Structures are given as structure tokens and as C-alpha cells.
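Everything on this sheet refers to the single structure shown next.
The values are calculated or read from the model by the stated rules, or taken from the named source; none is laboratory data. The shown structure was predicted, so the numbers you read here are calculated from the model rather than taken from an experiment. All Cβ positions, even for glycine, are placed from backbone atoms using ideal geometry, and neighbour counts span all protein chains on display. Ligands, DNA and RNA are excluded from the accessible area calculation, which covers all protein heavy atoms including side chains. Shrake-Rupley method; radii C 1.70, N 1.55, O 1.52, S 1.80 Å.
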Amino acid sequence: MRSQIAAGNWKMNTNIDFGQDFVAKLEDKELPKDVEVIIGAPFISISPLKQIAKRIKIAAQNCHDEESGAFTGEVSAAMLKSTGCNYVIIGHSERRQYFNESDELILKKILKALEHELKIIFCCGEPLEIRENNDHESFVQSQLENSICKLSKEELENVVIAYEPIWAIGTGKTASPGQAQDMHQHIRKVMRNNFNEDLAENISILYGGSVKPSNAKEIFAQKDVDGGLVGGASLKIDSFFDIIQSF
Ligand code: PGA
């Protein structure tokens with residue numbers, strides 16, 4: 001069964017005090033029972049947030065693809081697991097763009113994180129020029145086929161897909177509910193063709209890119225949209241709580 005998910009991505013924002021206050025206040029609110037709430041926190045906040053999170057799951061925003069070793073400044077999947085971290089976001093467009101992460105590297109990171117029993121939020125999505133050339137479906141298909149389609153069906157039980165058109169991230173420009181639905185339907189088709197109907201129907205697909213309280217309801221109401229990966233609007237408790245209630 002597909003779960004409904006509201007995931008925040010704090011990116012390189014917030015500190016430990018802010019995060020602990022935020023999570024404590026969100027835990028005190030009446031969160032809808034059938035919605036999984038996740039916060040993608042900076043590495044240093046994960047352990048302190050795990051100490052107070054009960055209902056809320058915590059995600060890291062990256063991990064290294066190697067087990068351990070001489071990689072100064074990096075954080076391994078095993079280290080994340082030791083904090084009690086639940087998820088790791090892998091393949092975000094900012095990491096692809098600013099840190100040159102390729103599909104191959106992203107697949108290695110996913111495999112390493114799964115080995116350590118972390119769940120994955122796998123991001124995909126096209127830049128503006130690809131959308132304008134009407135190549136967005138084949139672009140996203142190749143991101144999927146070069147990475148998560150190489151996993152086993154069992155491994156995919158621990159993967160959530162987030163479709164995030166790059167032109168909609170942090171720009172205030174959202175994909176229309178119809179554009180989101182069309183791509184989510186296409187992603188399910190790719191999963192069906194590479195695996196089977198069951199898997200395609202059961203994998204959760206989140207939309208990301210300027211999700212806010214004013215558009216979340218309409219986007220989440222689309223048949224193939226199972227929730228959102230939310231950047232800017234997850235930094236304010238009231239707007240994130242509104243989004244959580246938008247299913
Ligand atoms: P945004 O970011 O909601 O601020 O557009 C979404 C994301 O990058 O995950």
C-alpha cells in the first residue's frame with residue numbers, strides 16, 4: 001500500500017535549537033494518523049532531533065557511497081544509522097548540480113544506504129530547457145532507469161520517489177497539478193515496465209518544487225501524487241503543519 005508522506009527538506013538551514021523547538025512543537029500538534037511526517041535535517045541536527053522525535057521520522061540529506069575510510073568531512077550511511085536516522089534523501093537536484101552527482105554515484109549511495117537499513121527518498125526531475133523541449137518524460141525515465149530501476153523489487157520496498165522539476169524548486173513557480181499528475185503517471189509506467197503492476201502501484205511518489213499551503217491540497221489530490229517534498233515552506237511550523245493537513 002502506498003503511504004501518504006509529507007517530507008520537509010531543510011537544506012543548509014536551521015540549527016540544533018531551532019530544530020529541537022520545531023520538532024517538539026510539531027509533535028504536540030494533532031498530526032493526521034495516516035500521514036507519515038519526515039524532516040530532512042542537516043547532519044549535525046539528526047541525533048538531537050531523534051532524541052525528541054516520536055511520531056516524526058528524520059531524514060538525512062545525503063550520505064557517502066563508501067563504507068568508511070579517508071574521506072575527510074564526509075558522513076557514511078553507517079554513521080547515519082547509528083543516530084537512529086530513518087531516511088536519507090539521495091539524488092536531490094542541488095547535489096546533482098553543485099556536487100556533480102551522477103546517476104551512477106547516486107545508485108552507489110542508494111545501495112550503501114539500503115545496506116544499512118536506511119530508507120531512501122530518491123529525487124528526480126528535469127531542468128527548464130528539457131521541459132521546454134518537451135523531453136521531460138524521457139529525461140526522468142533515464143534518471144530512473146540508470147539508478148533505482150537497477151535495484152531489486154525487495155530493495156524498492158524501502159524507496160520513495162520524489163519528482164522535483166528543477167524549474168519549480170525555490171522559484172515560487174509550481175508545476176500545475178496536471179503537470180505533476182502527468183509525470184507521476186509516467187514514473188509509474190516506467191516502474192511498471194521495468195518491474196510489474198504491483199510495484200508501480202505501491203511505490204509512493206512525492207511531488208516537490210514550491211509546495212506551499214495554498215497549492216498542496218490540489219497537488220496532493222492528484223491520483224498518482226502521494227505527498228510532497230517541501231523545502232522553503234517546511235521551515236515555518238504553521239505552513240508545514242498546513243501542508244501536512246492537506247491530504
Ligand atoms: P522548495 O524546495 O519547496 O523550496 O521549492 C523543494 C526541494 O528542493 O526539495
- Note on the structure: Exactly one of LYS54, LYS50, LYS25, LYS33 is touching a strand residue (DSSP E or B) at 6+ places or on another chain (Cβ under 6 Å) and farther than 23 Å from PRO127 by Cα, and that residue is LYS50
- Message: For the stretch 196-219: of the residues being of a type in the set (A, V, I, L, M, F, W, C) and either in contact (Cβ under 8 Å) with a residue 60 or more places away in the chain or open to solvent by less than 20 Å² (accessible area, probe 1.4 Å) (or both), which is farthest from the ligand (Cβ to nearest atom)?
- Response: ALA200
- ARG192, sole failed condition from (1) within 16 Å of the ligand (Cβ to nearest atom); (2) open to solvent by 50 Å² or more (accessible area, probe 1.4 Å); (3) more than 18 Å from the chain's Cα centre (by Cα): (1)
- Message: Please go through the stretch 101-160 and give me each residue that is in contact with a strand residue (DSSP E or B) (Cβ under 8 Å, 6 or more places away or on another chain) and more than 16 Å from the ligand (Cβ to nearest atom), ordered by number.
- Response: LYS109, ILE110, ALA113, LEU114, LEU118, LYS119, LEU144, SER147, ILE148, LEU151, ASN158, VAL159
- Could you identify the single residue in GLU94, GLU101, GLU132, GLU117 that is surrounded by fewer than 19 Cβ atoms within 10 Å (Cβ to Cβ), at pLDDT 95 or above and of a type in the set (Asp, Glu)? GLU117
- Complete set of residues in the stretch 220-230 that are over 12 Å from GLN4 (Cβ atoms) and within 11 Å of the ligand (Cβ to nearest atom): LEU229, VAL230
- Item | Answer residue from the stretch 37-55, given it is among the aliphatic types (A, V, I, L, M) and without any contact (Cβ under 8 Å) to a residue 60 or more places away in the chain and is farthest from the ligand (Cβ to nearest atom) among those | ILE52
- Message: Among the residues in the stretch 38-54, are any under 18 Å from VAL159 (Cβ atoms) and crowded, with 16+ Cβ neighbours inside 10 Å?
- Response: yes
- Sort out which residues of the stretch 154-208 are of a type in the set (D, E, K, R) and at pLDDT 95 or above, and write them in order of number. GLU154, GLU155, GLU157, GLU164, ASP182, ARG188, LYS189, ARG192, GLU197, ASP198, GLU201
- Of all residues in the stretch 231-247, count the ones that are within 15 Å of the ligand (Cβ to nearest atom), open to solvent by 40 Å² or more (accessible area, probe 1.4 Å) and over 16 Å from ALA24 (Cα atoms). 2
- Specify the residue that is farthest from the ligand (Cβ to nearest atom); the eligible residues are those in the stretch 1-36 that are of a type in the set (A, V, I, L, M) and surrounded by 23 or more Cβ atoms within 10 Å (Cβ to Cβ). VAL23
- The one condition in (1) touching an Asp or Glu at 6+ places or on another chain (Cβ under 7 Å); (2) touching a residue at least 60 places away in the same chain (Cβ under 8 Å) that GLU164 fails to fulfil: (1)
